[in-house]
Amino acid sequence: MSTLVLVFHPHLDDASRVNKRLVEEARRHADEITVVDEYAAYPDFQVDRTHEQRLVETADRLVLEFPFYWYSAPALLKQWEDAVLTSDWAYGNAHALAGKEIQVVTTTGSPADTYTPEGRHHHTMAELLSPFETMVDHIQAKWVKPFIVSGVNGLTDEELDQVAADYVKAITA
Ligand SMILES: Cc1cc2nc3c(=O)[nH]c(=O)nc-3n(C[C@H](O)[C@H](O)[C@H](O)COP(=O)(O)O)c2cc1C
C-alpha cells in the first residue's frame, strides 16, 4: 500500500518538535510513504490544483497531517481543500477519490482529557474533526481512524520515539 502524507505545518523545519519527528520517521520508510511539506511548496498559498490532484490520485491512502490550531487545522489545509477538491473531480459528476482511504494525523497541545464534554474544551476530538470526516464522506472516500497525539508538551524524547513508531504503523496499516 502506498501512503501519501501531506503535512500542513507553517514551521515544520524550525519551531516544530512533534510533527518534525513524525515526518522524519515517515521518511525512513520511503519505499511505502511519500511526505510532502505543503507550506514549503506553497508559501504564498497558491496551491497548484492540477499537481495536487495528480499527486493524490497516485496514493492508496492520503494522510492529512497538521498541528491542531484553534480547534482545527492551519489555514493552508483549508485553502488546499478549496483549491483541490473541486466539482466534477472530487464530487458532483466525478468522484476521483472514491474508495481511497483518507486519515487525519494531528497533534494537540492540550491533553486528551480536556477534549471531553466535561473537559476544558467541552468537545471531543471526533466532534472537532467532523468537518474532515464529513468531507471524506461527501467525496465518497473512506475515513480511517485518526491518529491523534495529545498533550504533546509533556512528551519525553523516549515517548516521542514510541509515538513516531506507532504513527508509522498507523498510517501504513
Ligand atoms: C496558533 C496556534 C493555535 C493552537 N491551537 C491549539 C488548540 O486549539 N488546541 C490545542 O490542543 N493546541 C493548540 N495549539 C498547540 C499546538 O497544537 C501544538 O503546539 C502542536 O501540536 C505541537 O506540534 P509541533 O511540535 O509539531 O509544532 C496551538 C498552537 C498554535 C501556535
Legend entry - Among beta bridges that DSSP assigns inside the range 3-172, antiparallel share in %, nearest 5: 5
Legend entry - For the range 26-150, radius of gyration divided by Kirkwood radius, i.e. Rg to Rh on alpha-carbons: 0.97
Inset, instruction - Mind giving me the nanometre distance, one decimal, between the label points for E32 and D137, set 7 Å out from Cα along Cα→Cβ? - result: 3.0
Legend entry - Charge tally in the Cβ shell below 10 Å around K100, where Lys, Arg are +1 and Asp, Glu are -1, K100 excluded: -1
Legend entry - Highest-fluctuation residue, F45, F132, F147 considered, GNM on the chain with Cα pairs under 10 Å: F45
Legend entry - Inter-part distance where the range 127-145 and the range 36-67 are each reduced to a Cα centre, Å: 17
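None of the figures in this text is laboratory data; all of them are computed from the coordinates on show. Note that this is a predicted model, so its numbers are computed, not measured. FYI the Cβ positions are ideal-geometry reconstructions off the backbone, even for glycines, and counts take in every protein chain you see.
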